[in-house]
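Written out below as structure tokens is the structure these notes cover.
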Amino acid sequence: MKAPRLSHKLKYLEGSYHKYKDWKKDPKGYFLIRLNKINNTIEVGYCKKNNLIDVIIEGKNPQEIYATAIKEKLISKMEHAAYLGKELQKAYTALKYNLEYLQDEELNLVP
């Protein structure tokens, strides 16, 4: 495989995100994520409003859960899909290494 080359029109962007200014609610709903250490799974509750769970998706890894959420059309915004993937990977890492997981918080890598 050939090494990639840089385009002569290369654009360099510095990543940025402001958790209040850039956040936009997905009109379809939102997810509540927790670990089930008894079953060694990740549980995701899908809510349309007021933390009332309408659907529960349980899986052993992020792919099982986000693929199901996409198939079931529970996500309408790309930003929400990216957020879900990020949080599911944190939850998976916490489950795998017996760490504490809190949604929307940094993962503490010290058990």
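Here, each number is a calculation from the coordinates, and none is a lab measurement. Every value quoted in this text rests on a predicted model; they were computed, and no experiment measured them. Please note: Cβ atoms are built from the backbone with ideal geometry, for glycine as well, and neighbour counts cover all protein chains shown.
Couple of notes before you dig in:
- Against the chain, whose longest principal axis comes from its Cα atoms, helix 78-96 is set at around 60 degrees.
- Once the chain from E100 to K37 is taken as fully extended at 0.36 nm per residue, the excess over their C-alpha distance is 21.6 nm.
- In sequence order, region 35-45 has phi-based couplings of 9, 10, 6, 5, 8, 6, 9, 9, 10, 10, x Hz under the Karplus curve 6.51 cos²θ - 1.76 cosθ + 1.60, θ = phi - 60°, and Gly or Pro positions carry x.
- One chain, two ends: A67 and L6. Fully extended at 0.36 nm per residue, the span grows by 18.7 nm beyond their Cα-Cα distance.
- Panel order for I38, I65, I57, by other beta carbons found within 10 Å of each beta carbon, from fewest to most: I38, I57, I65.
- Trypsin sites (Lys or Arg not before Pro) within region 1-35: DSSP coil, no more than 16 neighbouring Cβ in 10 Å: K2, R5, K9, K11, K19, K21, K24, K25, K28
- The chain - percent relative contact order, Cα under 8 Å, separation 6 or more: 21 percent
- The slack between S76 and Y20, meaning 0.36 nm per residue of separation minus the straight C-alpha distance, is 18.2 nm.
- Estimated purely from DSSP H runs of n ≥ 4, each contributing -39500 (n - 2.57), the mean residue ellipticity at 222 nm for the chain is -8500 deg cm²/dmol once divided by its residues.
- One entry in [x] 11.9; [y] 10.6; [z] 10.3 is mean projected area of the Cα convex hull in nm² calculated from the shown coordinates; its label is [y].
- Sequence of M1, M78 once ranked by neighbouring C-beta atoms within 10 Å, starting from the fewest: M1, M78
- The lysines whose alpha-carbon is closer than 27 Å to the alpha-carbon of K96, local same-chain residues fewer than 8 away aside, are K37, K60, K71, K86.
- The angle between the Cα long axis of helix 62-71 and the longest principal axis of the Cα atoms of the chain comes to about 90 degrees, rounded to the nearest 10.
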